[in-house]
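First comes the structure, then the notes that go with it.
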Amino acid sequence: MCWLDLNAHCAKIGETLLHSAPMRRASERILRVTAIGFGAVCLLGAGCETTLYDPALATRPYPDALVQDRVVQIQAIPRELDLELVNATMVDYTDIDIWVNRRFVQHLGALRAGQTVRMPIDHFRDVWGQCPQPGGFWRTRHPTPLIVVQIQRGETTPLVGLVTVVPEAARY
């Protein structure tokens, strides 16, 4: 048998196998399972999409009229889902607002001397009710870099800057 005859013979056997009833049913099953799996993944991906803004949670605008008069030794460390504040001073801060990136704000009842507090990133809001995008494994967007962190103690009191420590793992 020459090479061309062998090739034609193998093609005929393959064609017979592909068009046989058991192979067709197996192919249809594989296609059906693949389609169902693809549809499930698409639905799951669409269902996991979170809304980054809620107008009902909108806050006041950043106080541009206030200046920052100093920086204190309170470290602001962005984590995947939280902003960690480490108060290395001997001063208690009570009834304060924490501003992030001159846009997002969250109220904090107290930050005592020597205390460490974790604030969920998705609880910070802006004038439209939008929150910064947190990090983490399941995120759907790039996390919002948390660079400028400030304390507001009153409506007319100057802002207090914090020392932002961006971890190497933050990747921004």
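Using alpha-carbon positions, what is the distance between the centroids of segment 52-86 and segment 97-172, in Å?
Computed from Cα coordinates, the inter-centre distance equals 4 Å.
Using 7 Å Cα-to-Cβ label points, what is the Gln115/Ile36 separation (nm, one decimal)?
Simple spin-label model gives 5.4 nm for this pair.
Quick one: give the max-minus-min coordinate of the C-alpha atoms of segment 89-133 along each principal axis, largest first, in Å.
Largest first, segment 89-133 extends 35, 16, 15 Å along its Cα principal axes.
State, to one decimal in nm, how far the label point of Ala88 lies from the label point of Leu108, with both points 7 Å from Cα in the Cβ direction.
1.5 nm
For a label point 7 angstrom out from the Cα of Thr157 toward its Cβ, which stretches of segment 77-110 have the backbone nitrogen within less than 14 Å?
91-99, 108-110
Only the coordinates and a few stated rules stand behind these numbers; no lab work does. For clarity, every value in this text was computed on a predicted model and none was experimentally measured. As a convention, Cβ positions derive from the backbone with ideal geometry for all residues, glycine included, and neighbour counts pool all protein chains shown.
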